[in-house]
1. In segment 173-186, is there at least one residue being under 14 Å from Arg236 (Cα atoms), among the hydrophobic types (A, V, I, L, M, F, W, C) and not assigned by the TED database to the domain that holds Lys247?
2. With (1) without any contact (Cβ under 8 Å) to a residue 24 or more places away in the chain; (2) over 19 Å from Pro83 (Cα atoms) as the list, and Ala43 as the residue in question, which single condition is left unmet?
3. So which residues in segment 210-224 are open to solvent by 60 Å² or more (accessible area, probe 1.4 Å) and under 23 Å from the mean Cα position of the chain (by Cα)?
4. Taking Leu174 as meeting all but one of (1) touching a residue at least 24 places away in the same chain (Cβ under 8 Å); (2) part of a helix (DSSP H, G or I); (3) open to solvent by 60 Å² or more (accessible area, probe 1.4 Å), write down the number of the exception.
5. Taking segment 271-292 only, how many residues are open to solvent by 10 Å² or more (accessible area, probe 1.4 Å) and either small (Gly, Ala, Ser) or in contact (Cβ under 8 Å) with a residue 24 or more places away in the chain (or both)?
6. I'm checking my understanding of the structure. Among residues of segment 49-83 that are among the aliphatic types (A, V, I, L, M) and over 24 Å from the mean Cα position of the chain (by Cα), which one is nearest to Ala16 (Cα to Cα)?
7. Considering only segment 140-163, state which residues are part of a helix (DSSP H, G or I) and open to solvent by 70 Å² or more (accessible area, probe 1.4 Å).
8. Checking Phe10 against (1) out of contact with any Leu (no Cβ under 8 Å at 6 or more places or on another chain); (2) over 23 Å from Gly311 (Cα atoms), only one condition comes out false. Which one?
Amino acid sequence: MATLIASENFSPIEDAEVLRRSVKGWGTDEKAVISILSHRNAAQRYEIRLAYEGLYHEDLIKRLESELSGDFEKAVYRWILDPTDRYAVLAHVAIKKPETDYNVIVEISSTLSPEELLAVRRAYQLRYKHSLEEDLAAHTTGDIRKLLVALVTTYRYDGGEINAKVAKSEADILHDAIKDKAFNHEEVIRILSTRSKTQLMATFNRYRDDHGISISKNLLDDGADDFQKALHVVIRCLNDPKKYFEKVLRQAIKRAGTDEDALTRVIVTRAERDLQDIKELYYKKNSVHLEHAVAKETSGDYKAFLVTLLGEQD
């Protein structure tokens, strides 16, 4: 369930006019930007961008980029983008870091539907004139490269059928690989990157039933390397993305120095999907409401924007 509270009384032209006044002249009316954009869904935001360009012959996204700054600018920029473009930007930023942020690539490839992932790959090509897999392969090596390229290029079956024999067989394959520490076995990558999410859930459940421990817990040990950690993220994203994102938020808030990138990414990408469910999980885990935790660790317009996306009325 989403947290976004979208306006029902919506006029893209009126919104475009208010946004124009908020950025014209000396200073920017950030409160006006927040009050409009944080209460508009993806389709409405797209209509506002079209109306703004038609009225003023300039790109609203570029204008906001030039007028806003810091974490607030980054959050607004990622929010106003079309969702497929947003994921393309997030993937590109993750790839271009000095050390590729494989968690972001795993999130995108493992939590989106097959059609959504395909749309992101198209958006990436259109925006950067390279394919996502091309850039990913150029910035990674070894087993991580094999895993991530397999994940972003897959087109999983999206149906609900389950083959119990396959679940049993592949649970055994995964268990043997973990027991033998053969984490990079080609069968492990094949199973995780090609099977439907429904089939994988059956496999993970069979693994737990047969071996008395969840595969995600069995995968990590004290000496876990980056590849093991990547596999762990893949399994968590496939198995229970809401629990995964709750943990990302918890770690972003509780670390020494808030991880604003992770905080922004999760709130912006999940606000129109399942952020209400993630909020409830967060409260169960931490006995603190997520919006209160975010408000405590952020400030100013950035804080106001995130808290509004979390469902707090401004």
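The values are calculated or read from the model by the stated rules, or taken from the named source; none is laboratory data. It should be emphasised that the depicted structure is a prediction, and the values quoted were computed from it without experimental measurement. Note that we place each Cβ from the backbone using ideal geometry, even for glycine, and neighbour counts take in every protein chain shown. To get the accessible areas, we keep the full protein, side chains included, count just its heavy atoms, and leave off ligands, DNA and RNA. Shrake-Rupley method; radii C 1.70, N 1.55, O 1.52, S 1.80 Å.
1. Just the residues of segment 173-186 that are under 14 Å from Arg236 (Cα atoms), to begin with: none.
Checked segment 173-186: no residue is under 14 Å from Arg236 (Cα atoms), among the hydrophobic types (A, V, I, L, M, F, W, C) and not assigned by the TED database to the domain that holds Lys247.
2. With (1) without any contact (Cβ under 8 Å) to a residue 24 or more places away in the chain; (2) over 19 Å from Pro83 (Cα atoms) applied to Ala43, the lone miss is (2).
3. Residues satisfying the conditions are Lys217, Leu220.
4. Just one mismatch for Leu174, condition (3).
5. Residues of segment 271-292 open to solvent by 10 Å² or more (accessible area, probe 1.4 Å): 272-274, 276-277, 279-281, 283-289, 291-292.
If we keep only those that are either small (Gly, Ala, Ser) or in contact (Cβ under 8 Å) with a residue 24 or more places away in the chain (or both) too, we end up with 272-274, 276-277, 279, 281, 285-287.
Total meeting the criteria: 10.
6. Taking segment 49-83 first, the residues among the aliphatic types (A, V, I, L, M) are 50-51, 55, 60-61, 64, 68, 75-76, 80-81.
Subset that is over 24 Å from the mean Cα position of the chain (by Cα): 50-51, 55.
Details: Leu50: 9, Ala51: 6, Leu55: 8 Å.
Only one residue fits best here, namely Ala51.
7. Keep residues of segment 140-163 that are part of a helix (DSSP H, G or I), which gives 142-153.
Result: Arg145, Lys146.
8. The single condition Phe10 does not satisfy is (2).
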